[in-house]
1. Starting from the Cα gyration tensor of the chain, take the square roots of the eigenvalues, sort them a ≥ b ≥ c, and report rounded, prolate or oblate (rounded when a/c is under 1.5, otherwise prolate if a/b is larger than b/c, else oblate).
2. Tell me which cysteines of the chain come out unpaired when the rule is another cysteine's Cβ under 4.7 Å.
3. Could you name the lysines in cross-link range of K455, using Cα to Cα under 16 Å and dropping any fewer than eight places away on the same chain?
4. Step through the residues of region 218-228 one at a time and calculate ³J(HN,Hα) from phi using the Karplus curve (6.51 cos²θ - 1.76 cosθ + 1.60, θ = phi - 60°), rounding each to whole Hz and writing x for Gly and Pro.
5. Please enumerate, by chain and number, the lysines with C-alpha under 17 Å from the C-alpha of K149, excluding those fewer than 8 residues away in the same chain.
6. On the protein heavy atoms, probe 1.4 angstrom, tell me the percent of accessible surface of the chain carried by carbon and sulfur.
7. Net charge around L429, counting only other residues with Cβ within less than 12 Å of its Cβ (Lys, Arg = +1; Asp, Glu = -1)?
8. At a probe size of 1.4 Å, how large is the accessible area of T34, to the nearest 10 Å²?
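The values are calculated or read from the model by the stated rules, or taken from the named source; none is laboratory data. Owing to the predicted nature of the structure, the values given are computational and were not obtained by experimental measurement. Reconstructed Cβ throughout: ideal geometry from the backbone, glycine too, with neighbour counts over all protein chains shown. Just so you know, the surface numbers come from the protein's heavy atoms only, side chains and all, with ligands and any DNA or RNA stripped out. Shrake-Rupley method; radii C 1.70, N 1.55, O 1.52, S 1.80 Å.
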Amino acid sequence: MSSNPDLLSVTLTLKIHFIHRPHDRRSHQLHTQTRSHQLEDLLKGILRKHLRPPDSEYNFNVSVSDAIPLSRHIDDTRPKGCDARIYKVPIGVSVSVIVIFYNEAFTTLMRTAHSVLERSPKSMLKELILVDDFSSNKDLGHDLDIYVKALDPRVHILRNSERQGLVRSRLHGANMATGDVLVWLDAHTECNVGWLEPLVYELYKNNFTIVQPHVDVISSDTIQFFAYPGDVYRGGFGWDLRYAWYKLPKYLSQVLTSKLDPFPTPILVGCAIAARKDYFVSTGQFDEGLNIWGGEHFDLSFRTWLCGGRILTVPCSRVGHMFKQFAYDFNGDRSTIIRKNLMRVADIWLDEYKWIFESVSLIFGQEPQVSVEEIHSRVKRKHLRKTLNCKPFRWFLENVMPEIRIPTKLDDFFGEITNHKTAQCWGPLLDGYIAITNECFMHRILPENHFSLDKISQLVHDGQCVYMDESNLLLRKTKCLCIHERKGRGWKFNVVGKTGGQLIYKDTRGMFWCAKHVTNITPLHFGKQMVQMGRCNHQDPYQIWTFTYKLTEIKHNNYM
Ligand code: UDP
Ligand code: MN
């Protein structure tokens, strides 16, 4: 055997390799340690040198972030079994990660960078592009260049010469990126172990896919990284185009074979998005007409679904995001800018459902004026919608988000009915009686808690009407009665104060009652938090309710 020269050479190489490995490893470790000490010293110097704004100006605990390492251990939050999965992707696929930032805290921004560099396969990650959207904080200037240079040659910084907002900053990064796959991350995220491979895998399994990881939470108070426990939620929207989470509907959870399987998601969360560059470019990228913040993830999501693509959330890929209140200036009035962006998205995508967005959002006050340039620019995007041969918005509602409840022109009020005093809302029980639940809107929409009060005095839930059970004064939903069967029964909303009002019910004898949040003492559902009718008293806060939306008639004076 040993006379075979080929085998001999293999054995020799192996031997040499074996002999050298421990030494190599030690020198590699030493090198890494020296490098990380250098980086630590560099960071200490930068933090000492700059008197950064106080934590309150960032709206999170920057002091804690500054005190913990940039390269830190976080729990593996993937569901069991993910680490055993094998993700085969075409050889040579390269990834560009783009992180845009405007006046972000140095340490959270760099912790994002460290996590990308340390938890992405070396063979896949081609570059990490940081796009500075014209930040004014001094620590993000020259010292950031120095830190990044010492960190890794794959990191590049692009600097906008004026504030562009998040869409044009992400596009700037995308235009400069040379990878096959683009991943956009917010500047206060952290990638967990094995985050990239399952995303890239899905992008090559189906050419017309955009994916996002499962988004974990980085606490803005403790900077801890954790997975939110409980049910699986997916991104959707409320009719004022607020981003909202919806429970993964049964029709989907029943067909998924495993908790590890990617699932279709109506709306991207926005803080972590991955797409193949070729597909992203062919489908119209981001809408450049959206300013500073807001609307872009709705636009990209509607466009993807309606124009032949799909969006998946990949549970085996985990990226943490710090959810916090806005800290930065908007370079103009914040609510007007967001509103204009959402009006644009609604105008381009919502078709015959646009009136709902317009009428529910008027409660925020005056509509911003739409300029002629804006109208022209929207026409271009509408034209793109035609060119891409996109489906009508109705298709999205019917096929992508069938769980959403849709108000009709007959409705005056719509959504959850929440008590002013207890902040809890109406939730029907299986027998049709109306109880109180604390699972109310907290960035989550539970369609099963949606009611509407209509122009013909009906309080409707899921096609049934709510009437008073005269034996115990509780409320119950049953088949809607036609007008002559109602014998005068009906509902009215009587506004009290700025946002709330009484829900007044007229019974068959013409008596008036008001809905109240009570601890029930009647035998049926004894002891439960219920809605019960009582004598009206507008000073009783347990009788004051708000609907999520009031539908106001719109006067078309500033639209096309
Ligand atoms: N951002 C930016 N320019 C802006 C506004 C935001 O570059 O004018 C960046 C910001 O630093 C962050 C990302 O865009 O990395 C998303 O913004 P943010 O985190 O405020 O959005 P949220 O997560 O609250 O939706
Ligand atoms: Mn963010």
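1. Values: a/c = 2.07, a/b = 1.91, b/c = 1.08.
In terms of gyration-tensor shape, prolate.
2. When partners are defined as cysteine Cβ atoms under 4.7 Å apart, the chain leaves C191, C271, C482 without one.
3. Counting by Cα, and skipping residues close in sequence, K455 has these lysines nearby: K409, K492, K506, K550.
4. These are the phi-based 3J(HN,Hα) values: 10, 5, 6, 9, 9, 6, 6, 9, 8, 8, 5 Hz.
5. Those lysines meeting the cut-off are K44, K126.
6. On the way: 15220 of 27330 Å².
The C+S portion of the solvent-accessible surface of the chain is 56 percent.
7. Combined, the nearby Lys, Arg, Asp and Glu give +1.
8. So the heavy atoms of T34 present about 70 Å² to solvent.
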